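The next block holds one structure in the form of structure tokens; read it before the comments.
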Amino acid sequence: MSDCLFCKIVRGEIPSRKVYEDEQVYAFHDINPARPVHFLIVPKQHITSLATAGEADAPVLGRMLAVAGRLAAEQGSPDGFRVIINTGRVGQQEVEHLHAHIVGGPDPVGPMLKRI
Ligand code: AMP
Ligand code: ZN
């Protein structure tokens, strides 16, 4: 997906504040953070959304969640966090490359988040 925003970030064609990367996933700070800790974990390979992911994507989907806790702690949210995966039109997904929002900080994030 040559014109996909997050594919361009993964390739380094658009700058990002990197949190982590391995062979399967890339994590970077959200450009418009909703809480003190707010970063995104994306598959390096283009997957449009959780609605289009399939069983073959299970390893990378697992990796996204498997690294979340350590990265959240490293970024300043050691006592928990929220994972949000907006999906498709109904889920109000804006960027059509699968991404998990990791949202946290020293204080509880509240019952819901208004803008993600
Ligand atoms: P969603 O509504 O779940 O698709 O969320 C997309 C998220 O991507 C939003 O929280 C944006 O702030 C974030 N975002 C958009 N462009 C960039 C960018 N260039 N770098 C980092 N985060 C971005
Ligand atoms: Zn993409």
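The values are calculated or read from the model by the stated rules, or taken from the named source; none is laboratory data. All of these numbers come straight from a predicted model, not from anything done at the bench. Ideal geometry is used to build each Cβ from the backbone, glycine not excepted, and the neighbour counts take in all protein chains shown. For the accessible areas, the whole protein counts, side chains as well, though only heavy atoms, and no ligand, DNA or RNA atoms are used. Shrake-Rupley method; radii C 1.70, N 1.55, O 1.52, S 1.80 Å.
Filter segment 86-116 down to residues that are aliphatic (A, V, I, L, M), in contact with a Leu (Cβ under 9 Å, 6 or more places away or on another chain) and over 16 Å from Asn32 (Cα atoms), then give me how many there are. So that I can check it myself, show each step before the final result.
Going residue by residue through segment 86-116, those that are aliphatic (A, V, I, L, M) are 90, 95, 98, 100, 102-103, 109, 112-113, 116.
After this cut, where a residue has to be in contact with a Leu (Cβ under 9 Å, 6 or more places away or on another chain) as well, the list is 95, 98, 100, 102-103.
Going one step further and asking which of them are over 16 Å from Asn32 (Cα atoms), we end up with 98.
Matching residues across segment 86-116 total 1.
Could you check segment 36-76 and list, in sequence order, the residues that are among the small types (Gly, Ala, Ser), under 19 Å from Glu21 (Cα atoms) and assigned to a loop (DSSP other than H, G, I, E, B)?
Taking segment 36-76 and keeping what is among the small types (Gly, Ala, Ser), we get 49, 51, 53-54, 56, 58, 62, 66, 68-69, 72-73, 76.
Still in the list and also under 19 Å from Glu21 (Cα atoms): 58, 62, 66, 68-69, 72-73, 76.
Result: Gly76, single match.
Does Ile84 fit the bill of being surrounded by 12 or more Cβ atoms within 10 Å (Cβ to Cβ) and at pLDDT 95 or above? Give the derivation first.
Details: surrounded by 12 or more Cβ atoms within 10 Å (Cβ to Cβ): yes; at pLDDT 95 or above: yes.
It is true that Ile84 is surrounded by 12 or more Cβ atoms within 10 Å (Cβ to Cβ) and at pLDDT 95 or above.
Filter segment 88-106 down to the residues that are open to solvent by less than 40 Å² (accessible area, probe 1.4 Å) and assigned to a loop (DSSP other than H, G, I, E, B), then identify the one that is farthest from Lys44 (Cα to Cα).
So in segment 88-106, the residues open to solvent by less than 40 Å² (accessible area, probe 1.4 Å) come out as 88, 91, 93, 95, 97-105.
From what is left, the residues that are assigned to a loop (DSSP other than H, G, I, E, B) are 88, 91, 93, 95, 97-99, 105.
Values: Gly88: 19, Gly91: 22, Gln93: 18, Val95: 14, His97: 10, Leu98: 10, His99: 10, Gly105: 26 Å.
The extreme case among them is Gly105.
So which residues in segment 18-47 are open to solvent by 50 Å² or more (accessible area, probe 1.4 Å), more than 16 Å from Arg63 (Cα to Cα) and in contact (Cβ under 8 Å) with a residue 24 or more places away in the chain, if there are any at all?
Once the filter is applied, which keeps residues that are open to solvent by 50 Å² or more (accessible area, probe 1.4 Å), more than 16 Å from Arg63 (Cα to Cα) and in contact (Cβ under 8 Å) with a residue 24 or more places away in the chain, segment 18-47 yields Arg35, Pro36.
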